[in-house]
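Worksheet: one structure, shown below.
The values are calculated or read from the model by the stated rules, or taken from the named source; none is laboratory data. Computed from a predicted model, the values in this text were never measured in an experiment. When we count neighbours, we look across all protein chains shown, and the Cβ atoms used for this are built from the backbone with ideal geometry, even at glycine.
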Amino acid sequence: MIRQNRKNVKRNTGILIALLIIVLVILGLLFFFEEEEISQREDGFRDADAPIPEEQIGGRIENGIHAETGLIEGEGLKLVIGHCTACHSAKIITQNAADREGWKKMIRWMQETQNLWDLGEHEDIILDYLAENYAPKKRGRKPPLGEIEWYELKN
Amino acid sequence: MKKQQSRQERRKFLRKAGISGFAALLGADIVFALPRGYIPIALEAKDPQSLFGKHPDMVTLNDQPWNVEAQAHLLDDKVTPDDKMFIRNNGLVPESIDVENWSLTIRGEAVNQEKTYSLKELKEKFPKHTYQLVLECGGNGRAEYFPPADGNQWTIGAVSCAEWTGIRLRDLLNEVGVKANAIYVGYHAADTHLSRDPNKEPISRGIPIEKAMEDETILAFQMNGKDIPLVHGHPLRLIASGFPASVSGKWINGLSIRDKIHDGEKMAPPSYSIPCETVEPGTSVPNEKMCVIEKMPVKSLITYPKIGAMIKEGQKLPIRGHAWTAEERISKTEYSIDFGASWKPCRTAAPKNRFAWQHFDAEIDFPKKGYYEIWVKATDNTGAAQPMLTPGWNPKGYINNSCHRIAIKVT
């Protein structure tokens with residue numbers, strides 16, 4: 001009888017310890033995830049009142065394209081990433097095209113109305129980069145429909 | 001310190017938002033409970049499908065700020081569902097929406113007294129109205145202009161016609177009391193400027209007082225019978241169809257009744273403005289020679305079939321789509337299979353209400369095998385019709401209403 005009781009106590013203690021471990025693991029995981037989430041969010045919500053420091057800009061290039069931003073590799077790339085993508089996505093650069101004067105106009109507009117800072121000695125390098133890599137390509141007023149994916153349409 | 005504060009803010013937001021808040025954010029239901037403080041991984045994602053519940057074929061033009069457009073065939077529904085509605089943002093989507101404490105303050109030099117209403121009061125105090133209303137971005141079609149115009153390169157998909165429910169702006173303004181010198185209503189909203197400067201509004205546009213007093217100009221709190229999705233303006237959005245969609249401000253928490261044209265952010269040229277007198281393509285136009293766009297031009301879209309259909313000789317081809325105008329109504333839609341040499345009529349349905357798009361359809365016989373383009377042209381009650389070429393060039397590439405076309409092969 002006593003032996004039986006002792007056995008029961010031993011088993012209960014075992015279960016209790018196992019439960020305690022599970023609870024600790026869950027708490028630990030929750031804490032870990034929460035911390036990780038928050039630090040990720042912090043990154044996404046930095047103040048955009050200065051260029052991104054160069055050491056924070058990754059440099060992986062694939063087929064002549066900067067992997068993280070989609071920008072064309074070239075002299076001035078890191079300056080463009082640092083000054084331009086602190087505020088907005090690089091996609092607004094890659095989808096646009098203009099000559100040097102056109103890009104300069106956009107920069108002036110951003111400086112006058114959108115809190116962009118003075119680019120100082122970087123301005124010329126940035127303008128050269130944009131005018132070189134994102135120049136307008138001549139096209140007609142209603143060019144042919146391109147890149148059509150043909151498919152069979154059944155009634 | 002700052003980090004600590006923002007962490008506390010976030011916790012506060014999480015407690016307030018709860019699961020339903022996340023569901024609104026994600027555009028989908030979350031079926032299992034989340035531990036407090038846990039942010040779903042989808043919020044970290046950089047695609048509009050997991051973030052906003054958008055259709056996978058929607059095209060992302062920009063992800064900071066978010067700008068996403070539809071393709072023609074995605075807009076085939078008579079009433080645009082939220083997963084196929086384009087996203088246009090000038091700033092960052094608000095992080096936290098406190099529906100319980102949301103309020104709207106009406107102020108300005110042309111209002112009798114400043115007055116604040118809670119969202120609940122707005123919903124309970126005024127009669128509700130539901131309309132199908134077209135929203136089209138002023139820059140829809142910008143990608144077609146040459147020389148290129150800067151900005152998001154919208155092709156044809158920055159347009160929608162959802163069903164919006166809310167109260168008439170007129171009813172609200174009449175209760176608040178507007179002075180005789182009121183000429184413009186500007187909006188203020190809860191979004192954040194890209195620079196994160198808290199003193200800067202990303203966009204604060206507006207409408208002339210006559211537009212504010214129209215039946216279909218509403219302060220909406222529902223889209224397609226449900227709370228407006230976060231990215232489309234939850235919990236309160238101004239809808240003024242027929243004008244560039246930028247006047248239909250999202251996340252509205254203030255209105256200014258002005259005795260002059262509202263001078264908020266993105267009201268001044270060159271934003272949403274075109275040269276007062278037409279110019280040669282590529283001309284540099286000074287701001288004082290630019291005029292703010294009001295009415296959007298007549299336009300149409302072929303939503304079926306998807307471009308690239310191949311059919312057998314002798315097979316009839318059904319086509320359909322929508323046409324819309326800022327005027328009274330679309331009076332006719334026509335199609336051409338010979339590059340505009342000849343036009344044949346489509347059937348055109350009556351609009352559900354003013355500013356709803358009207359559905360057209362036709363069945364086409366092709367004379368012989370070959371490559372064809374189907375072009376559609378809409379004409380409205382004023383006699384205005386769509387051009388086949390891009391219309392007058394303007395520096396920012398607005399109001400391109402040239403005909404839509406799709407390619408077909410008969411084999």
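Values for this structure:
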quantity	calculated
A:P143, sole failed condition from (1) over 30 Å from B:A268 (Cα atoms); (2) in a helix (DSSP H, G or I)	(2)
Whichever residue in the range B:320-333 is under 19 Å from the mean Cα position of the chain (by Cα), not in a loop (DSSP other than H, G, I, E, B) and not hydrophobic (A, V, I, L, M, F, W, C) and, among such residues, is farthest from the other protein chains (Cβ to nearest Cβ)	B:H322
Residue count for the range A:110-138, restricted to those that are without any contact (Cβ under 8 Å) to a residue 24 or more places away in the chain and either in contact with a Leu (Cβ under 9 Å, 6 or more places away or on another chain) or surrounded by 11 or more Cβ atoms within 10 Å (Cβ to Cβ) (or both)	5
When residues of the range B:210-245 are limited to those that are surrounded by fewer than 22 Cβ atoms within 10 Å (Cβ to Cβ) and of a type in the set (S, T, N, Q), the one farthest from B:P269 (Cα to Cα)	B:N224
Within the range B:120-193, strands (runs of 3 or more DSSP E) holding 1 or more residues that are acidic (D, E)	B:128-136, B:159-168
Tally of residues being among the hydroxyl-bearing types (S, T, Y) and either touching a strand residue (DSSP E or B) at 6+ places or on another chain (Cβ under 8 Å) or within 12 Å of chain B (Cβ to nearest Cβ) (or both) across the range A:94-130	2
Set B:S241, B:S256, B:S204: member being away from chain A (no Cβ under 14 Å) and either hydrophobic (A, V, I, L, M, F, W, C) or more than 19 Å from B:Y117 (Cα to Cα) (or both)	B:S241
So B:P270, is it within 21 Å of the chain's Cα centre (by Cα) and modelled with pLDDT under 95	yes
Pair list, Cβ under 8 Å, 6 or more apart: the range B:301-328 residue more than 24 Å from B:S402 (Cβ to Cβ), other residue of a type in the set (K, R)	B:M310/B:K409; B:I311/B:K409; B:E313/B:K368; B:E313/B:K369
Pair list, Cβ under 7 Å, 6 or more apart: the range B:112-133 residue closer than 13 Å to B:E100 by Cα, other residue among the β-branched types (V, I, T) and part of a loop (DSSP other than H, G, I, E, B)	B:L119/B:V99
Residue within the range B:308-319 that is assigned to a loop (DSSP other than H, G, I, E, B) and either away from chain A (no Cβ under 14 Å) or within 22 Å of B:Q386 (Cβ to Cβ) (or both) present	no
Single residue of the range B:359-411 satisfying the filter (within 12 Å of chain A (Cβ to nearest Cβ) and small (G, A, S)) that is nearest to the chain's Cα centre (by Cα)	B:G397
Residue selected from the range A:53-93 under the condition within 14 Å of chain B (Cβ to nearest Cβ) and surrounded by fewer than 18 Cβ atoms within 10 Å (Cβ to Cβ), by the criterion farthest from B:N62 (Cα to Cα)	A:A67
Subset tally (residues that are among the hydrophobic types (A, V, I, L, M, F, W, C), under 17 Å from B:I307 (Cβ atoms) and outside any loop (DSSP other than H, G, I, E, B)) for the range B:361-411	9
Any hit, the range A:140-149, residues being within 30 Å of B:K409 (Cβ to Cβ), out of contact with any strand residue (DSSP E or B) (no Cβ under 7 Å at 6 or more places or on another chain), surrounded by 13 or more Cβ atoms within 10 Å (Cβ to Cβ) and at the interface with chain B (Cβ under 10 Å from one of its Cβ atoms)	yes
Residue tally, condition part of a loop (DSSP other than H, G, I, E, B), closer than 30 Å to B:P48 by Cα and either in contact with a Lys or Arg (Cβ under 7 Å, 6 or more places away or on another chain) or small (G, A, S) (or both), over the range B:93-119	2
Single residue of B:E265, B:E280, B:E313 found to be closer than 27 Å to B:W164 by Cα and either surrounded by fewer than 20 Cβ atoms within 10 Å (Cβ to Cβ) or not assigned by TED's automatic domain parsing to the domain that holds B:I406 (or both)	B:E265
Qualifying residue in the range B:390-408 (condition: over 21 Å from B:A143 (Cβ atoms) and crowded, with 17+ Cβ neighbours inside 10 Å)	yes
Condition met for A:K105 (at negative phi and touching a Leu at 6+ places or on another chain (Cβ under 9 Å))	no
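Yes or no, residue by residue, for (1) β-branched (V, I, T); (2) closer than 23 Å to B:K396 by Cα:
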site: B:P281; (1), (2): no, yes
site: B:E294; (1), (2): no, yes
site: B:L301; (1), (2): no, yes
site: B:R320; (1), (2): no, no
site: B:I337; (1), (2): yes, no
